[in-house]
Amino acid sequence: MAEGGEEVRLIGSWASPYVVRVQIALRLKGISYEFVEEDLKNKSELLLKSNPVHKKVPVLIHNGKPVCESSVIVQYIDEAFAGTGPALLPADPYERAVARFWAAFIEDTLLKASSQASSGKTEEEKTEGKEKVAAAIVTLEGGLRECSKGKPFFGGESAGYVDVILGGLLGWVRAIDTMQGVKTFDPSTTPLLAAWAERFGQLEQVEAAMPDGKRLIEYAYARAMQAAAAAASTN
Amino acid sequence: MDHQQEEKVQLFGMWASPYVYKVKWALSIKGMEYEYVEEDLGNKSGQLLEHNPVHKKVPVLVYNGRPVAESDVIVQFIDDVWKGQGGRILPEDPHERAMARFWARFVPDKLSPPIWKWFTTAGGEEQEAAREAAVEHLRVLEAELNLGRNEFFGGDSVGLVDLSLGALAYVIPMYEEIIGARLITEEMFPSLYAWMGRFLAAPPVKDHLPPMEELKLRFRAIREYFLKNA
């Protein structure tokens with residue numbers, strides 16, 4: 001139970017980067033919660049009742065009321081638990097707008113490109129997606145410079161909203177880097193992001209929230225094999 | 001604190017962009033004056049490129065020389081900066097704010113794409129599939145957002161969700177006229193249908209609408225272009 005008898009439950013699945021975002025946010029704020037692992041192939045009544053529109057994880061249930069969509073949940077956590085732990089969004093309206101801009105960039109530009117790179121309908125589309133991802137990461141380096149102003153995190157001295165939004169993806173970034181022998185946050189082209197990834201990943205609240213690296217890689221391979229088998233069987 | 005004395009607000013926009021109108025309506029809710037700069041998107045100004053180097057798009061709000069880009073970010077900035085002035089765009093209660101943000105995302109993520117696909121596809125199976133997807137999402141909106149006795153999704157005045165959905169109140173009827181088929185009828189969507197009329201007549205909206213005849217011509221040309229290049 002979190003402060004004063006508040007009930008906080010998080011419905012999630014261990015591999016989802018969107019779920020990791022919420023776990024990081026809760027841990028950074030020091031809010032205790034019950035994690036409810038969902039089997040996405042056999043969705044529970046609780047999930048379907050709590051997120052009837054999208055039927056997806058994560059869903060935060062706070063004193064019985066559900067909140068859906070990871071970026072909405074993280075902002076909710078910051079506002080509903082304003083007196084607990086550090087603030088995730090800055091107090092100044094303009095700084096807040098800058099943070100929201102970069103969070104939107106991560107969702108609408110970076111992740112969209114990443115989706116095209118992996119699930120594009122043609123090889124051409126996928127290659128274009130990969131190029132867009134690379135370009136977005138370079139732009140994000142500028143975003144980190146703008147937000148951090150020489151300090152360790154997007155949020156400044158301490159991790160904030162943008163750190164959480166990007167940070168949820170770190171488990172998958174590490175898995176992909178290992179599997180493909182690449183460096184998504186290349187220290188030679190994006191030194192600030194490379195340093196940030198190390199630093200953020202080592203925060204105890206983040207380590208506790210991240211999925212196990214080996215398990216994630218096994219899961220990724222299994223999914224890739226399934227996809228290949230499915231593609232082969234339809235040829 | 002008297003805001004009016006020390007503030008300079010500029011809005012960079014384009015006459016046909018629904019995202020620009022969303023910002024205009026938000027500024028209107030707060031009763032804020034601003035300088036409007038029309039951009040020729042085929043020949044973007046140095047100022048626009050300087051203020052929004054990442055996306056190079058409109059709208060951009062420049063507040064005392066500092067730019068804010070992305071319409072959803074701008075609208076929340078407007079609500080933050082002029083808190084306590086004019087109407088509320090987001091509610092006070094954190095859970096209600098989360099619900100407003102959730103439904104505001106539903107529009108661009110789920111609703112707009114099939115509507116656009118329906119409009120830019122020639123008649124046939126593919127267009128029908130897009131229409132069905134749009135109708136399915138409209139049904140979700142109609143059912144889940146039980147307006148009840150509220151005039152708007154934001155309560156008794158225009159709020160974040162109304163602003164997010166807003167442009168569809170004039171865009172959908174225009175698409176329907178151009179295609180010659182209906183997407184929203186009063187029978188199928190009584191709440192949404194009534195909301196559309198109220199939204200277009202609402203004080204922050206009614207004097208800040210695009211020139212409809214020009215917009216219709218523009219949309220006709222867009223549909224022709226897509227059909228030709230399919």
Here are B:Tyr21, B:Tyr36: which of them is of a type in the set (Ser, Thr, Tyr) and over 27 Å from B:Leu141 (Cα atoms)? B:Tyr36
Matching option when the condition is modelled with pLDDT under 95, within 14 Å of chain A (Cβ to nearest Cβ) and either open to solvent by less than 30 Å² (accessible area, probe 1.4 Å) or more than 12 Å from the chain's Cα centre (by Cα) (or both), among B:Glu144, B:Glu186: B:Glu144
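Against the condition assigned to a loop (DSSP other than H, G, I, E, B) and not acidic (Asp, Glu), how does B:Lys22 come out, does it pass?
On the way: assigned to a loop (DSSP other than H, G, I, E, B): no; not acidic (Asp, Glu): yes.
No, not satisfied.
Taking B:Leu61 as the residue in question, decide whether it is among the aliphatic types (A, V, I, L, M) and open to solvent by 50 Å² or more (accessible area, probe 1.4 Å). Walk me through it before giving the result.
Details: among the aliphatic types (A, V, I, L, M): yes; open to solvent by 50 Å² or more (accessible area, probe 1.4 Å): no.
Criteria not met by B:Leu61.
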Segment B:67-86 - residue that is more than 7 Å from chain A (Cβ to nearest Cβ) and open to solvent by less than 10 Å² (accessible area, probe 1.4 Å) and, of those, farthest from the chain's Cα centre (by Cα): B:Trp82
Do we have any residue at all in segment A:200-216 that's within 23 Å of A:Ser118 (Cα to Cα) and touching a Leu at 6+ places or on another chain (Cβ under 9 Å)? yes
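Which one of these is within 9 Å of chain A (Cβ to nearest Cβ) and part of a loop (DSSP other than H, G, I, E, B): B:His95, B:His55? Walk me through it before giving the result.
Values: B:His95 fails: part of a loop (DSSP other than H, G, I, E, B).
After ruling out the rest, the residue left standing is B:His55.
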A:Pro66 meets each of (1) touching a Ser or Thr at 6+ places or on another chain (Cβ under 6 Å); (2) in contact (Cβ under 8 Å) with a residue 24 or more places away in the chain with one exception, condition (2)
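For segment B:37-51, which positions are polar (S, T, N, Q) and either open to solvent by 80 Å² or more (accessible area, probe 1.4 Å) or in contact (Cβ under 8 Å) with a residue 40 or more places away in the chain (or both)?
Across segment B:37-51, the qualifying residues are B:Asn43, B:Gln47.
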Checking A:Arg100 against (1) at the interface with chain B (Cβ under 9 Å from one of its Cβ atoms); (2) touching a Ser or Thr at 6+ places or on another chain (Cβ under 8 Å), only one condition comes out false. Which one? (2)
Among the residues of segment A:53-81, the number that are open to solvent by less than 10 Å² (accessible area, probe 1.4 Å), at the interface with chain B (Cβ under 7 Å from one of its Cβ atoms) and in a loop (DSSP other than H, G, I, E, B) is 0
Could you grab me the full set of residues in segment B:167-183 that are open to solvent by 10 Å² or more (accessible area, probe 1.4 Å) and touching an Asp or Glu at 6+ places or on another chain (Cβ under 7 Å)? B:Arg182
With the checklist (1) in contact with a Lys or Arg (Cβ under 8 Å, 6 or more places away or on another chain); (2) in a loop (DSSP other than H, G, I, E, B); (3) more than 14 Å from every other protein chain (Cβ to nearest Cβ) in hand, flag the one item B:Leu163 doesn't pass. (2)
With the condition kept exactly as written, say whether any residue in segment A:90-106 is surrounded by 17 or more Cβ atoms within 10 Å (Cβ to Cβ) and not in a helix (DSSP H, G or I). yes
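The values are calculated or read from the model by the stated rules, or taken from the named source; none is laboratory data. Please read all numbers here as calculations on a predicted model, not as lab measurements. Methodologically, a virtual Cβ is constructed for each residue, glycine included, from the backbone with ideal geometry; neighbour enumeration extends over all protein chains shown. Just the protein is used for accessible areas: all its heavy atoms, side chains included, with ligands, DNA and RNA removed. Shrake-Rupley method; radii C 1.70, N 1.55, O 1.52, S 1.80 Å.
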